[in-house]
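The values are calculated or read from the model by the stated rules, or taken from the named source; none is laboratory data. Quantities reported herein were computed from a predicted structural model and do not represent experimental measurements. Don't worry about glycine lacking a Cβ; one is built from the backbone with ideal geometry, like all the others, and counts go over all protein chains shown.
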Amino acid sequence: LLGEDATQVESLWQKMWAATYIQGRMGITVMAMSALDVALWDALGRSKGKPLWELWGGSPDPLPIYGSGCFRGLGHDGMIEKAKRYVQRGFKTIKMQVGHVFTHEEDIINVRDMREELGNEVDIMVDVNQGWNAEEAIEVGLQLDQFDLAWMEEPVLADDFEGYHKIADAIKTPVVGGENHFTHHDFKPFFASGKIPIIQPDIMRGGYTELKVIAEQANLSGIKMAPHLFPELNSHLNAC
C-alpha cells in the first residue's frame with residue numbers, strides 16, 4: 001500500500017486481496033487487511049470532515065439495540081440478574097448464551113427461567129457459539145420454541161451450511177449467524193438459500209469494504225444484517 005492513493009479504499013482492498021492468495025482467504029491475513037481497510041475509510045472520512053454514514057448517504061435515525069453479555073460463565077442466576085439490569089436501563093431485547101458448559105436440560109431451564117423473570121414484553125436471543133451439531137440444535141430448539149425467542153445464533157460450526165439450513169427448516173425460532181464467516185464469499189450459501197433471515201458479519205473479517213458488499217447482497221436477498229461487535233464502527237454502516 002505504500003505510495004498508493006489512500007482515497008481509493010475499495011481498489012486498495014482488491015489490491016491486498018489479490019496479493020494474498022497464497023496466504024489464504026481467511027484467518028489472520030484477512031483480519032490484518034480488515035484493520036487496514038477500517039483505518040483507510042476512517043482517514044477518508046476525516047479528510048472530508050464527514051462521518052462515514054454521511055459519506056455513504058445514510059441518515060442519523062435511531063437504531064435498534066440489544067443488551068448482550070449475559071454470558072454462560074455467569075451461571076443461571078448471573079445471566080438472569082444481568083438481563084434484568086439491562087431491562088431496568090430500558091433495553092427491550094437481551095441475548096443470553098447456551099450450550100458448552102450447560103447440558104441441554106440446563107439450557108432449557110435457563111431459558112425458561114429467563115422468560116419467566118423478564119416476561120413477554122422483552123425479546124430474548126440465545127447464542128450457542130457453534131456449540132452443537134444440527135441434530136442437537138433441532139432437539140433443543142424444538143423445546144425452546146415455546147419461549148418465543150427472537151433468534152438462535154450460531155447453533156453449529158460456521159462452515160456447516162447444510163446444518164444451518166436443516167435447523168432453520170425444523171424449528172420455529174429464526175436461525176442466524178455469520179460472525180465467523182470471512183468476506184462475502186463465505187455468505188453465498190446463506191444468500192442462495194434465503195433460510196437465514198439475519199446475518200452477522202464481523203468487520204474484522206472483511207473490513208468496511210466487504211461489509212458494504214455483504215450489505216448490498218443481503219439487501220438483494222431480502223436478508224437483514226446485525227453486524228457482530230464493534231458498535232462504534234458498525235453503526236456507520238447500519239445507518240445506511
Next item on the list: Scan the range 95-139 for residues that are acidic (Asp, Glu) and out of contact with any helix residue (DSSP H, G or I) (no Cβ under 8 Å at 6 or more places or on another chain) and jot them down.
Entry: Glu105, Glu116, Glu121, Asp123, Asp127, Glu135
Checklist line | Candidates Lys95, Lys82 - the one that is in the same structural domain as Asp148 (by TED's automatic domain parsing) and closer than 22 Å to Phe187 by Cβ | finding: Lys95
Next item on the list: Output the residues belonging to the range 176-195 that are among the charged types (D, E, K, R) and more than 19 Å from Pro155 (Cβ to Cβ).
Entry: Lys188
Margin query: Which residue is surrounded by the fewest Cβ atoms within 10 Å (Cβ to Cβ), if the candidates are limited to the range 144-172 and must be outside any loop (DSSP other than H, G, I, E, B) and under 12 Å from the mean Cα position of the chain (by Cα)?
Written below: Trp151
Next item on the list: Pick out, from the range 173-240, the helices (runs of 4 or more DSSP H) lying fully within it that include 1 or more residues that are touching a residue at least 40 places away in the same chain (Cβ under 8 Å) and under 17 Å from Gly163 (Cβ atoms).
Entry: 183-193
Item checked: Residue identified as under 30 Å from Met204 (Cα atoms) and of a type in the set (A, V, I, L, M, F, W, C) among Ile167, Ile171 -> Ile167
Notebook entry, point to check: Going by the conditions given, is Val126 at pLDDT 95 or above, within 21 Å of His181 (Cβ to Cβ), surrounded by 20 or more Cβ atoms within 10 Å (Cβ to Cβ) and among the β-branched types (Val, Ile, Thr)?
Noted result: yes
Checklist line | Restricting the range 200-233 to residues that are of a type in the set (D, E, K, R) and out of contact with any Pro (no Cβ under 9 Å at 6 or more places or on another chain), the residue that is modelled with the lowest pLDDT | finding: Glu232
